[in-house]
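Nothing in this text is a laboratory measurement; each read-out follows from the coordinates by a stated rule. This is a predicted model, so every value here is computed, not measured. Cβ coordinates were reconstructed from backbone atoms using ideal geometry, including for glycine residues, and neighbour counts include every protein chain displayed.
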Amino acid sequence: MQCSSKLQRRAGTGSDIARPTRQLASVVAQAQRKQGALAAATKPAKTRQKDNAFTVGLVTVLTEALRVLGVGKERYVEVAAAPSRTPPVRRGDVAGLMRRLTADFKQAYFVTGVLDDSIYDPDCFFADPTVAFSGTDLWKRNLALLTPFLEGPGVQLYGMRRLGRNEEGAEVVRAEWRLTTILKLPWRPLIDIDGATEYTLNGESNRIVQHVEFWSISGTEAVLQMFRPSGTKAP
């Protein structure tokens, strides 16, 4: 789970701008449909809510406020400066890419921001039920905003599998997981989300170009967890 700013793009022609905008709208719509399917399989219908513009706007405002305040700046510098640990995956080696993804889950990349850069396109598109943006560097920056507030964060990987090729012929990998953490706020809320991430690969099937999350709860419900006391005591 990560906060973000709006997608930033270089200036260009009308067609240059319209094409990625249409792609963004298509992927977000697909994410919303699949999020609903995931929720239907894991939660009673009465516990679900649809995301709304207020939730998306609130996440954006909070993200920008933390960025302006310089929260997590030192953490971002540390993560961004870390060299890539491994060479690129061979063309078509989807199994090898999945092994590296599994290793990233073992170091809880969702909450640490530390990932294997060699398996991501620098302009990778990231989306979850509340935000959407492009760039692995921005993803790391957004995670750095959160880490100072996390206590005992953990990500449990339930499983990972290949979904085959999508309509555009790109390989897609799906991972299912659970994220839990206490937020370092006076009432110590517990964040607990079951979810899945679908990774769309490039034409060479050796780098991730889309990282789209689906949650078992709506983005609104996830935000509301921040305001519920967990009843736990600080260590």
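How far apart, in nm, are two points set 7 Å out from the Cα along the Cα-to-Cβ line at residue 107 and at residue 95?
Inter-label distance under the simple model: 2.4 nm.
Considering only DSSP states other than H, G, I, E and B, which GluC sites (Glu not before Pro) in the range 133-231 qualify as loop sites with at most 14 other Cβ atoms within 10 Å?
Values: sites: 151, 167, 168, 171, 176, 198, 204, 213, 221; in loops: 167, 168, 204.
Hits after loop and neighbour filter: 167, 168, 204.
Taking the alpha carbon gyration tensor of the range 128-204, what are the square roots of 5 times its eigenvalues, largest first, to the nearest whole Å?
On the way: eigenvalues 170, 52, 17 Å².
Taking √(5λ) for each Cα gyration eigenvalue gives 29, 16, 9 Å.
Calculate the spin-label point distance for residue 158 paired with residue 54, positioning each point 7 Å from the Cα along the beta-carbon direction, and give it in nanometres.
Going by the 7 Å Cα→Cβ label model, 3.0 nm.
How high is the FRET efficiency between residue 187 and residue 77 when r is their beta carbon distance and R₀ equals 35 Å, given to the nearest 0.05?
The pair residue 187/residue 77 has a calculated efficiency of 0.70.
Around residue 180, with a cut-off of 11 angstrom between Cβ atoms, what is the net charge of the other residues, counting Lys and Arg +1 and Asp and Glu -1?
On the way: positive: 178; negative: 151, 192, 194.
Once positives and negatives cancel, what remains is -2.
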